[in-house]
Structure formats: structure tokens, C-alpha cells
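Below: the structure, in C-alpha cells.
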Amino acid sequence: MAAKFDRGRAKIYFSSNFLKNHIFVGNEGAKKQAERVFQRRGEKTSTVLCLTKRELIELADQWVPGLLEHTKILSSGAYLLYDRRNDSVGLTRGGQIFGRVSTSDGLMDHDAFSDYGWNEAELDMRGYIPIASPKTVLAVRSRGQFKNPKGGSQIPFYALSWLGGREYVRGYETYRFRANNVVIFSTELRRTVYAKTDVRGVDVFAFADTGQVWGDARSVTDSFVIENSGFSASNWHSGVGGGVEYRHTRHFGVRLEIGHSNEGNAIYLSMTRGF
């Protein structure tokens, strides 16, 4: 009788239940033993991956750059901030423009070198338009972040632009979508329902967010990667919702927001006055 496969002999690198049950990593002997066990169980080869550590690293480097590496990144750049917001009385009015450019490169760490390098630009514009009185304001925001890999270099997955969460399209989980580039548009109608002082009060608001990510340098042949490589008029992700906000000072408040998207509902609690 063949020895029973011991999961303890194969190191599991992943946290999700699917990957824990379907991807095993160990030495060459443990890999071959796992493959025999899965074959006897009749497991489909497409549902189980048995890898050596070297094979896992090679796979991760191609499809999830930076996942299994301790990479040092050197970044430099400059930014410009033009701030004409006025929140001295009631809701914020005016506008703000933020721009940033930077360049990033992976650094040599002992004998390992990570071929990471990219240039990036970011533009964030916000406007606050009073409607009839300072107690009602239409807040609008547009943000774009664009990252261009240098030559054949990659961008670590944790440094990619992303979409989803309280600040970047509500109604989705934080970091729900990732790619080289992102654009986001947000609109929020705010109304003060209780004013204790010029600054302190309670507001209600309704919002609509939309955005998309695109750009992928991992492959020039994989159909899934190619599909996500360009900006598309049909690839928008949107969310709507509303909430309540308590303004305590000009810069501090507490917000409770509920967002809805095609993937369900999401609730956000934060100590902020929003964008």
C-alpha cells in the first residue's frame, strides 16, 4: 500500500481555502508523492497543482510579481498641490488639484535582483459647489493614476493601481481590481440636517462612483491578460449609496456609508470628512 500523502511535508504558501486545498509546494519527492495520491483519487489535473518551491517562484514571478519576494524599491518624484477649499463654515466649498510624477526601480538585494521598474503620473481633482445655501453642496472628484513599466520590467502586484473600497468606488471590497492604470469619478450630494456650530454638525449624503482599471504587462499571448490591456468603454465598475456624517472639527469627522454594486453591498465606517 502506498504511503498516505502528508500535507505537513508540503509547505502551503497561500491563505485562501481554494489555494490551500489545490496547490501544494514541497521538495521534488513530496511533489511526486502528492501527484500519485491525487491521481488515485481521480482528481482532475486542472484542479490540483503540485509544485516545487522553484516552480512556484517562477510561476508567481510571471503571474503575481512580488508575491514571494522581499523586494526593495527606490522611488523619487515631485508633486504639486493647489488647494482652494474653504471649510470654515458648514460643508466644504471651493476646489483642489493634486498632481504627482515619479519613477521607481527595484534594488539589488544580496544575490537576488528584481527586475521592477516603472514611471507613473497621478492627477486628482476635486470640486465643491454650493447649491442655494452652504447647507447643500455637490462634491465631485476625478482621479487618474497611470503606471508605465520600463522596457520589459514588471510592477509588483502591491504597487499596481487599484479600484474598490471606501475611497475608490464604494460598493466593492478594497483592492478589488488591479492593473497598471486607473480612472475614478465620484459625485456626492451633501446636505446638513443639524448644525450645532459653524463647523460642527450632522450631514446626510448620497453618492455615485464609477471607475475602471486597465494595462497588464504580464503576457502578450494570454487572452485574459490581453483583454485587460486596453481601456474599454464596457469595463466600468460602478457603485451607488449614501450615508451619514458627523462633523466635529474642520478636519475631523465620523462617517457611516453604505455602497451597493453588482457584487453586493459594502458598509464603511471611518473617521474622516470624506473626499
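The values are calculated or read from the model by the stated rules, or taken from the named source; none is laboratory data. These numbers were taken from a predicted model, which means no experiment stands behind them. When we count neighbours, we look across all protein chains shown, and the Cβ atoms used for this are built from the backbone with ideal geometry, even at glycine.
How many residues does segment 213-248 contain that are under 25 Å from ASN180 (Cα atoms), of a type in the set (Ser, Thr, Tyr) and modelled with pLDDT of 95 or more?
Residues in segment 213-248 being under 25 Å from ASN180 (Cα atoms), of a type in the set (Ser, Thr, Tyr) and modelled with pLDDT of 95 or more: 1 in total.
Pick out the one residue from ARG100, ARG93, ARG143 that is out of contact with any Cys (no Cβ under 6 Å at 6 or more places or on another chain), at pLDDT 95 or above and within 25 Å of GLY242 (Cβ to Cβ).
ARG143
What is the one condition in (1) under 17 Å from ASP203 (Cβ atoms); (2) more than 17 Å from the chain's Cα centre (by Cα); (3) in a loop (DSSP other than H, G, I, E, B) that GLY152 does not satisfy?
(1)
Just to be sure before I move on: is SER76 part of a strand (DSSP E or B), at pLDDT 65 or above and in contact with a helix residue (DSSP H, G or I) (Cβ under 9 Å, 6 or more places away or on another chain) in the structure I sent?
When the stated conditions are applied, SER76 does not pass them.
Does TYR158 fit the bill of being more than 23 Å from GLU257 (Cβ to Cβ), modelled with pLDDT of 85 or more and over 22 Å from the mean Cα position of the chain (by Cα)?
no
Considering only residues of segment 166-179 that are in a loop (DSSP other than H, G, I, E, B), surrounded by fewer than 22 Cβ atoms within 10 Å (Cβ to Cβ) and free of Cβ contacts under 8 Å to residues at least 60 places away in the same chain, which is nearest to the chain's Cα centre (by Cα)?
The residue in question is TYR175.
Provide a single number: the residues in segment 249-270 that are more than 18 Å from the chain's Cα centre (by Cα), loosely packed, with under 12 Cβ neighbours inside 10 Å and either closer than 15 Å to ARG176 by Cβ or of a type in the set (Asp, Glu) (or both).
Result for segment 249-270: 0.
Just one of ASP216, ASP203, ASP124, ASP198 is under 21 Å from ASN86 (Cα atoms) and in a loop (DSSP other than H, G, I, E, B); which is it?
None of the others qualify; the one that does is ASP198.
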